[in-house]
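Q: I'd like to ask some things about the structure below.
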């Protein structure tokens, strides 16, 4: 597959070329989204958001051969955006429960509550344009070993001993085989910081579970 040629076609609004690029790495996209989101439904939502973002911004990609590192960075950002929205909803729900017995005539002020009066069209409307829903619908096979293996559950349990930055860096490096530059792009830090997070995370794991530090 000639990635650069397909990207050039996608830049000319060729939706089939774009979907061919995405489907070629669908498993990697799905596993990356699942790492962040923790469940199939939210992982698929993040992938849908990524497809829309890639479709809208692909003309900004200067190096066609960098499509996959660029799009995976977008996917990670989509995941983080959805997680941020999820946390805000939880906070609002908690606030509502805490004020369930307020005076019904008392006005409610929620600074973070979304204004839906001018909401953008649903991403699904754009995805319908791409025909992506049907294409990526099979990305989460019921027998996906990544989700259900005992080894994966053991790894997740071990990573609970790390802070979020160390956990993210180690997952991206060793579960997704991303290079330091891509991890730096995804996490918005320097390569040196990425290496430090991985080193300190591995050190903490080996101090906890035994063994020497050998990155």
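The values are calculated or read from the model by the stated rules, or taken from the named source; none is laboratory data. In this text the structure is predicted, and so the values were computed from the model without any measurement. Every residue, glycine among them, receives a Cβ derived from its backbone with ideal geometry; neighbour counts consider all protein chains shown.
Q: (1) outside any helix (DSSP H, G or I); (2) modelled with pLDDT of 90 or more: which one isn't true of residue 109, the others all being true?
A: Here residue 109 meets the rest and fails (2).
Q: While we're here: Residues in segment 18-27: is at least one over 14 Å from residue 68 (Cβ atoms) and assigned to a helix (DSSP H, G or I)?
A: Checking segment 18-27: at least one residue is over 14 Å from residue 68 (Cβ atoms) and assigned to a helix (DSSP H, G or I).
Here is a yes/no grid of residues against (1) surrounded by fewer than 17 Cβ atoms within 10 Å (Cβ to Cβ); (2) under 15 Å from residue 36 (Cβ atoms); (3) free of Cβ contacts under 8 Å to residues at least 24 places away in the same chain; (4) under 20 Å from the mean Cα position of the chain (by Cα):
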site: 160; (1), (2), (3), (4): yes, no, yes, yes
site: 164; (1), (2), (3), (4): yes, yes, yes, yes
site: 170; (1), (2), (3), (4): no, yes, no, yes
site: 177; (1), (2), (3), (4): yes, no, yes, yes
site: 184; (1), (2), (3), (4): no, no, yes, yes
site: 190; (1), (2), (3), (4): yes, no, yes, yes
site: 207; (1), (2), (3), (4): yes, no, yes, no
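Q: Looking at the structure I just gave you, is residue 64 touching a residue at least 40 places away in the same chain (Cβ under 8 Å) and within 13 Å of residue 11 (Cβ to Cβ)?
A: Numbers: touching a residue at least 40 places away in the same chain (Cβ under 8 Å): yes; within 13 Å of residue 11 (Cβ to Cβ): yes.
Yes, satisfied.
Q: Of the residues 161, 214, which is in a loop (DSSP other than H, G, I, E, B), at pLDDT below 90, touching a helix residue (DSSP H, G or I) at 6+ places or on another chain (Cβ under 7 Å) and over 30 Å from residue 14 (Cα atoms)?
A: When all the criteria are applied, what remains is 161.
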